[in-house]
Every structure is written in C-alpha cells, then in structure tokens.
Amino acid sequence: MGSAQAATAGNGSGSYYDTGCRLFVEQRVDVTAEAVNIGQCIGAVRTIMMTGPYLPERLRFCPPNGASTWQGAKVVLKYMDDHPGQIDQDLLR
C-alpha cells in the first residue's frame, strides 16, 4: 500500500499500520521514514498484546506466554489480509 493511500486512511487504521508492520515482519528497512513506520507498528502491536487480558470480555484475549511482538505483528497482518473490508477501521478499537 502506498504511503498516500495509508495517509488518507487516517491514523489508527489498519491501513495506517500496514506498511510498517509488513516491513517489520519481513525484517527490512531501507530509510529512516520506514523505521518510523516500523516503530509505530511495534508500538501498536505491543499495546494490543499487553492490554488484551484487560479488554472488555467480548474483546479479551491472552497472547501465548513468550509470544513476541514480531509474532503479534504477523497475526495482525494475517487478520488484515483476511478481512480487507475492515482495513480502514481503527486497529486499536
């Protein structure tokens, strides 16, 4: 997804985090701007993983013991790939 398309999707959407999460999972970064995108992905995924056990019951989940942020990012990307109609919804809601 191009950065212009991600920017129009708005902060917090799956589209906003898509590029950074893909770069993180693929473990590649070429320029500083990509490092910022990766950092945003890592922060969002880590937040989701840390707060999962404390969410309202209908959203609650517990990541497996020892699950890494990288593994969490893979799960987020799989969900976004499997649910493209939801990609512009807020990732953290």
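The values are calculated or read from the model by the stated rules, or taken from the named source; none is laboratory data. Everything quoted here is computed from the prediction, not taken from an experiment. Note: ideal-geometry Cβ built from the backbone for every residue, glycine included; neighbour counts use all protein chains shown.
Checking each residue in region 39-92 for being small (Gly, Ala, Ser) and under 25 Å from ARG28 (Cα atoms) picks out GLY39, GLY43, ALA44, GLY66, ALA67, SER68, GLY72, ALA73. Find all pairs meeting these conditions: Cβ atoms under 6 angstrom apart; at least six residues apart or on different chains; first residue within region 62-73 and free of Cβ contacts under 8 Å to residues at least 40 places away in the same chain; second residue surrounded by 15 or more Cβ atoms within 10 Å (Cβ to Cβ) and of a type outside the set (Val, Ile, Thr). Going by the 6 Å Cβ cut-off, the qualifying pairs are PRO63/MET49; GLY72/MET49.
Quick grid of which residues meet (1) surrounded by 12 or more Cβ atoms within 10 Å (Cβ to Cβ); (2) of a type in the set (Phe, Trp, Tyr); (3) not in a helix (DSSP H, G or I):
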site: TYR17; (1), (2), (3): yes, yes, no
site: GLN27; (1), (2), (3): no, no, yes
site: ALA35; (1), (2), (3): yes, no, no
site: ALA44; (1), (2), (3): yes, no, no
site: MET49; (1), (2), (3): yes, no, no
site: LEU59; (1), (2), (3): no, no, yes
site: TRP70; (1), (2), (3): yes, yes, no
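Checked against (1) touching a Leu at 6+ places or on another chain (Cβ under 7 Å); (2) modelled with pLDDT of 95 or more, ALA44 passes all but condition (2).
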